[in-house]
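A.B. asks: Okay, here's the structure, questions in a sec.
The values are calculated or read from the model by the stated rules, or taken from the named source; none is laboratory data. If you're wondering where the values come from, they're calculated on a predicted model, not measured in any experiment. Positions of Cβ are backbone-derived with ideal geometry, glycine not excepted, and every protein chain shown enters the neighbour counts. Note: accessible area is taken over every heavy atom of the protein model, side chains too, but ligands, DNA and RNA are not part of it. Shrake-Rupley method; radii C 1.70, N 1.55, O 1.52, S 1.80 Å.
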Amino acid sequence: MPHGGPHGRHIKHPDTIEFAGDFNLAAVIISNHMGTGVDTDTGGENILPQMQELNIYESITKKAITGSIVILDATNLIANLPIQGTERIIFKLSTPGTSESDDIVDASELTGHPFYVYKITNRKQISEGVLLYTLHFGSREFMRNLRTRVSRAYSGTIDTMVANIFADKSGLDSRKTLNFEETRNQDKIVIPNMRPLDAIAMLAKRALPKNTNGVGYYFYETTKGFHFRSWESMCVTQGAFERPVKATFQYKPMNMEEPQSSGMGTGPSRTQQRTKQKPKVLEDYESVEFYEFVNNFHDVAANTVMGTYAHNVITHNIYDKSYNKSAWNYHLQFGETKHSEDKQDESANNKFQVSESPVDFDGNNISDYSDSRVSLQPTTQFLHDENTGSYGTDVIDDGKLEGTRISQIYQVNAGTRLKLIIKGHSYLEAGDMIQFNLLSVESTNSNRFDFDPQYSGRYIVASIRHRVTDQEYKMIIECVKDSVKIPFKSIDTFPGTTDKEEPTFTNIYDKEKPAFLS
C-alpha cells in the first residue's frame, strides 16, 4: 500500500507507523454519473495524485457529514470526466495499525459508503493548463434528505419512530448503522411534510433517556455511522457508570520532561494498545500541537438571559385552561443529570461550572433568580386521544422538562469549549470521551507537574475536522465539558460591603443651587 501521501514515496506495511500523522490512503476515486471515469479499469478516476487537501467534517450538532477536496488539475479532469455535481467519492482512510471497521473512515464501494459530490467552488486557472478548484461532497443521507419528505403519523417510543424514519424506503432510506439510546417516553406524533432529518431533529427535542433524567437527544452522523443519543450517554454508560476515555492528550512546553502521574491517568490510549512503535511516536500521537479555549469560562451574563442557571417555565394547558409554574434551579438540580466529569466520587454532584456563592446583597446565588428567563409554553392533553403532554408524559411535567432541556443545551453550548490540533486518529468520532491533561501555568517547588484543576479533565468531542494532505493526517477537534474536575469552593454570605443598607437620593436642584439662592 502506498505511503500516506498521493505520490506513494515507497511501499510500506499498513500497520507500520513511520511518524506521528502517518496514514493509509491508497486511492481517492471519483466515479461519474455513468459509473466510470477516465481510467475505466478502476471504475473511476484516481484523483489522489492531484489532491492537495482532503477535509471531512462531523459534529454532534450536524445531522450529516460533509467534506471537501482541493484539486490541482493539470489533465482537465473537470471536462474529461466530466464533473457536474453528481459524482461519487470513494476511498479508505485509516491510521496505521487500525484494522477494525469501526476504526476506519470507510467510503469504499464494497465495505463502506461513498460520498456524493454536490458542487464545485473556487475554480481558477493558476497557470497554463492547470486548474485549481474545490469539490464539495456529503453523505448519501445528506443528499437524500434534500429530495424526500416525511408526511405521516407515528406512535410508540421516540427511538422507534426515529428508526422507522431512518429506514423508510420512500424517505431517508439509510443503509448505515444507527447507534441509538432507548427512550422512556412514547407518544403519537404527526410529521407534517418535513424533510427526514428535520423530522428526526424534531423528535430528538422530545426524547427522554431511558436510564437518566436529561431531556432531548442529539442526532448526528460521524464517519462510523449515525447516532441518536442523549448528552448524558456521552458522559456515562448505562446511565450510571463512568465512561472510559477513548484517548488521552496533553500539552506541555517543549523540552519538558514527562510529567508524573497525579491520579488523572487513564492507562494506555488506544493508539498505545494497537501499535508497537518507539515511545517517541506514541508521545507525538498524544501530544497537542496547539490548543485554544474558545469559551474559557461561562459568559455569565448571556447564560443568565438564556436560562442556564435559572428559568421560570409557565405552561398553559389548552385542554382544561389551567396553568402551572416550574422554576429551574441550576445548583439544586445539577445532580439530577449526568455530566462530563461524573466520576462517581463524593463531589460528583458539586462540580458546577459556576460557584454557588451569593452574588448580591440579598444573599442569593446565581441560580436563585428564577425570573432571569420566563417562558410561556402551551401544552394540551388528548391531542391524539392520549392523556399526556408535549413529551408524552404527564402534562404536569412539561414545565420541569422544558426547563431541564433549555438549561442542558446551554450548559453544553456555552460551557467550556476547547479547540485542539492533534495528529490524525481515524478511530475518533464526534461524541467520544477524551482526557486532556493541561499543566498548570504556575510552577511550584513541591510539584512542578500539577494539572489545571478546572480545565484539565474529561471532555466530549463535539466536532472533528479530518484534514489530510500529501504530508500528514491531522485533526482539528472541538471538545466541550459541562462541569469542572475539582469543585469550586463557595461561601454562605456575599463578600461585598454591608454598611450600605439603603440607597442614597440626591436632588440635583439642591446639589447645584447657585449661591445667591442659598
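A.B. asks: Along the charge dipole of the range 356-510, pointing to its positive end and built from +1/-1 on Cβ of Lys, Arg, Asp and Glu, which listed residue (Leu420, Pro495, Gln471) has its Cα farthest out?
C.D. replies: Most positive-ward Cα: Gln471.
A.B. asks: For the range 366-438, what is the accessible area per residue in Å² when the probe is 1.4 Å?
C.D. replies: 34
A.B. asks: Still on this model: Over the Cα atoms of the chain, how large are the radius of gyration and the largest Cα-Cα distance (Dmax), in Å?
C.D. replies: Here Rg and the maximum Cα pair distance are 27.3, 105 Å.
A.B. asks: Further question on the same structure: Could you work out the Rg to Rh ratio of the range 362-432, with Rh taken as the Kirkwood radius (inverse of the mean 1/r over all Cα pairs)?
C.D. replies: Across the range 362-432, the Cα-based Rg/Rh ratio is 1.18.
A.B. asks: Moving on to the next point. Which value, in debye to the nearest 20, gives the size of the charge dipole of the range 82-121 about its Cα centre, when Lys and Arg are +1 and Asp and Glu are -1 at the Cβ?
C.D. replies: Result for the range 82-121 is approximately 280 debye, rounded to the nearest 20.
A.B. asks: Leaving out ligands, DNA and RNA but keeping every protein chain, what accessible area does Met202 have, in Å² rounded to the nearest 10, with a 1.4 Å probe?
C.D. replies: Result for Met202: roughly 50 Å² accessible.
A.B. asks: Tally up the carbon and sulfur contribution to the accessible surface of the range 379-518 as a whole percent, 1.4 Å probe, everything protein left in place.
C.D. replies: Whole-percent figure for carbon plus sulfur exposure: 50.
A.B. asks: Please get the size of the charge dipole for the range 379-432, origin at its Cα centre, with Cβ charges of +1 on Lys and Arg and -1 on Asp and Glu, quoted in debye to the nearest 20.
C.D. replies: 620
A.B. asks: Counting only pairs 8 or more residues apart or on different chains, how many lysine pairs in the range 295-436 have their Cα atoms under 21 Å apart?
C.D. replies: Final tally of qualifying lysine pairs is 5.
A.B. asks: Per DSSP helix of 4 or more residues, -39500 (n - 2.57); summed, then divided by the residues of the chain. What does that give at 222 nm, rounded to the nearest 500?
C.D. replies: Mean residue ellipticity, 222 nm, calculated: -4000 deg cm²/dmol.
A.B. asks: Further question: How many Å² of accessible area per residue for the range 95-146, probe 1.4 Å?
C.D. replies: 50
A.B. asks: Multiply the residue gap between Glu502 and Asp284 by 0.36 nm, knock off their C-alpha separation, and tell me the result in nm, one decimal place.
C.D. replies: Extra length available between Glu502 and Asp284 comes to 72.3 nm.
A.B. asks: Assigning unit charges at the beta carbon (Lys, Arg +1; Asp, Glu -1) and nothing else, what dipole magnitude in debye, to the nearest 20, does the chain show about its Cα centre?
C.D. replies: Using Cβ point charges on Lys, Arg, Asp and Glu, the chain gives about 1280 debye.
A.B. asks: Return the carbon/sulfur percentage of the accessible area of the range 88-129, one whole number, probe 1.4 Å, all protein chains in place.
C.D. replies: 45
A.B. asks: Hey, another quick one. Suppose a student asked you for the relative contact order of the chain, using Cα pairs under 8 Å spaced at least 6 residues apart; what percent would you report?
C.D. replies: Across the chain, relative contact order equals 16 percent.
A.B. asks: Could I ask something else about it? With labels modelled as points extended 7 Å from the Cα through the Cβ direction, what inter-label distance (nm, one decimal) is found for His384 paired with Ile314?
C.D. replies: Using points 7 Å along Cα→Cβ, the separation is 3.0 nm.
A.B. asks: Let me ask you something else. Going toward the positive end of the dipole of the chain, with +1 on Lys and Arg Cβ and -1 on Asp and Glu Cβ, which of Asn193, Asn32, Met234 do you reach last?
C.D. replies: Working it through, the farthest residue towards the positive pole turns out to be Asn32.
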